[in-house]
1. Looking for whichever is surrounded by 22 or more Cβ atoms within 10 Å (Cβ to Cβ) and touching a strand residue (DSSP E or B) at 6+ places or on another chain (Cβ under 9 Å) here; the options are Ser114, Ser79, Ser100. Which one fits?
2. Are any residues in the stretch 249-267 buried (at least 21 other Cβ atoms within 10 Å of the Cβ) and more than 16 Å from the chain's Cα centre (by Cα), and if so, which ones?
3. How many of the residues in the stretch 247-278 are part of a loop (DSSP other than H, G, I, E, B) and closer than 20 Å to Pro212 by Cα?
4. Cβ-Cβ under 7 Å, sequence separation 6+ or interchain: first residue in the stretch 300-324 and without any contact (Cβ under 8 Å) to a residue 60 or more places away in the chain and farther than 22 Å from Arg354 by Cα, partner aromatic (Phe, Trp, Tyr) and open to solvent by less than 40 Å² (accessible area, probe 1.4 Å). Which pairs?
5. So, in the stretch 268-291, of the ones that are surrounded by fewer than 20 Cβ atoms within 10 Å (Cβ to Cβ) and of a type in the set (Asp, Glu), which residue ends up modelled with the highest pLDDT?
Amino acid sequence: MNIADLPDNLLVDVAAFLAKPSRALFAVALTAPSSSWCASNLERRRPSTSANVLIAAASSIVGGNCSRDEGRVGTDDWSVLDFGKIDNGLASKLADDDISAVLTCIDAIRNLKSLKLGGCVNITGYGLEPLRSSIVLEQLDLSLAGRNERPLIEPKPRLSEMETLPIISSIIHQDGNSLRQLQLPIKFRTDQSVSLSLLLSEYNHLLLDRRPPCSKCGQLILVDDDEVWDHWVIHSHEEGADQYGYQLYTCYGCLKHFCNDCTDENGTYYLGYCTLCERAYCAECNDTRSLCNWCEGPMCEGCGDLVECKNCRAFFCENCLHTCEGCNAIRCRDCIMYTCESNCNNAICRDCFRDNPVMDYCGDCNLLVVPSVVTLSVAKIGIAHARHAWK
């Protein structure tokens with residue numbers, strides 16, 4: 001007996017226990033191998049006649065109405081597709097053909113508004129082809145990190161600019177497009193290629209031309225394109241290296257835009273940027289955020305707890321803490337005497353340097369440690385800019 005011989009209502013009951021990406025993968029599996037949904041030249045291929053019958057049966061699995069002529073899954077509730085909601089073990093095995101098959105199956109070009117590819121570290125990007133020139137897509141998260149996960153992925157994911165940037169560009173240049181939030185992988189933001197800078201500049205101008213108002217106060221968000229820190233998207237090679245590729249003024253959760261002046265009832269800036277998951281959330285979408293005592297960056301609920309400095313007893317995010325090589329104590333940046341010139345997390349606290357002033361090399365990097373006042377001054381300049389942009 002083949003699984004396709006099972007009654008539709010039984011398939012519906014089985015699918016009810018699956019996350020939406022798994023439901024779509026189930027529908028694809030009921031039809032044909034993922035590779036059969038795409039031709040070698042990446043043009044979408046219609047399922048065979050027998051596959052149409054299976055897809056029509058699978059339409060009831062995911063809800064909505066399916067056209068038997070088009071052979072696609074019902075699409076009434078397919079505006080959001082978050083692969084971060086499935087097991088990382090499965091997500092990490094998905095290939096571009098799988099992603100392409102799912103997007104084709106749910107008719108993403110006409111229905112999908114938000115795509116999050118958390119855990120899909122095995123794709124290169126050509127599987128996004130069904131989204132080319134989409135006018136309905138509002139959010140594209142290519143960070144490959146799920147909710148409350150650090151986007152620093154090792155080993156580096158396979159995602160390729162050569163495969164993904166042309167597809168994103170086609171959306172940006174499509175008249176009437178709806179794109180309003182783009183989350184890039186650290187891999188792209190670190191390489192800072194000329195092609196990516198050009199695409200980010202075009203996306204920045206797209207947002208500038210829309211001139212959206214602040215969703216809280218209703219005032220226009222005034223952005224000066226001549227100032228690197230006042231861009232909607234930071235795309236400069238020369239400045240803002242640490243924040244390159246960040247999109248400002250936009251909440252990752254609700255996709256609403258907020259200015260730098262609005263605060264909540266506690267006086268905290270309404271839009272805050274989590275230094276761990278590297279996403280910006282408004283106070284409504286993240287109402288339990290904690291503030292680091294040094295960089296004042298808010299931390300999302302679920303991203304972790306602030307850590308106490310054992311010297312000054314204040315609380316900080318992990319990015320603003322160091323571990324002393326001498327005594328292994330955790331110290332904030334204000335309580336550290338020397339830090340490694342490579343900007344690794346190793347450092348020497350004031351007490352250990354006083355007792356042993358010859359500790360002038362990092363044990364891991366074998367590089368000189370330098371006075372923390374130099375590192376701090378540079379860091380605070382960058383954070384001040386970032387705070388201005390995110391607030």
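The values are calculated or read from the model by the stated rules, or taken from the named source; none is laboratory data. Here the structure is a predicted model, which means the values were calculated and not measured. All Cβ positions, glycine included, derive from the backbone under ideal geometry; neighbour counts span all protein chains shown. In case anyone asks, the SASA skips ligands and DNA or RNA and just uses the protein heavy atoms, side chains included. Shrake-Rupley method; radii C 1.70, N 1.55, O 1.52, S 1.80 Å.
1. Working: Ser114 fails: surrounded by 22 or more Cβ atoms within 10 Å (Cβ to Cβ); Ser79 fails: surrounded by 22 or more Cβ atoms within 10 Å (Cβ to Cβ).
Ser100 is the lone residue from the list that is surrounded by 22 or more Cβ atoms within 10 Å (Cβ to Cβ) and touching a strand residue (DSSP E or B) at 6+ places or on another chain (Cβ under 9 Å).
2. Within the stretch 249-267, His257, Phe258, Cys259 meet the criteria.
3. Here is the first cut: in the stretch 247-278, the residues part of a loop (DSSP other than H, G, I, E, B) are 248-249, 251-256, 258-262, 264-268, 270, 274-278.
Add one more test, that the residue is closer than 20 Å to Pro212 by Cα, and what stays is 248-249, 251-256, 258-262, 270.
Selection size over the stretch 247-278: 14.
4. So the pair list comes out as Leu306/Phe316; Val307/Phe316; Phe316/Trp294; Cys320/Trp294.
5. Only one residue fits best here, namely Glu284.
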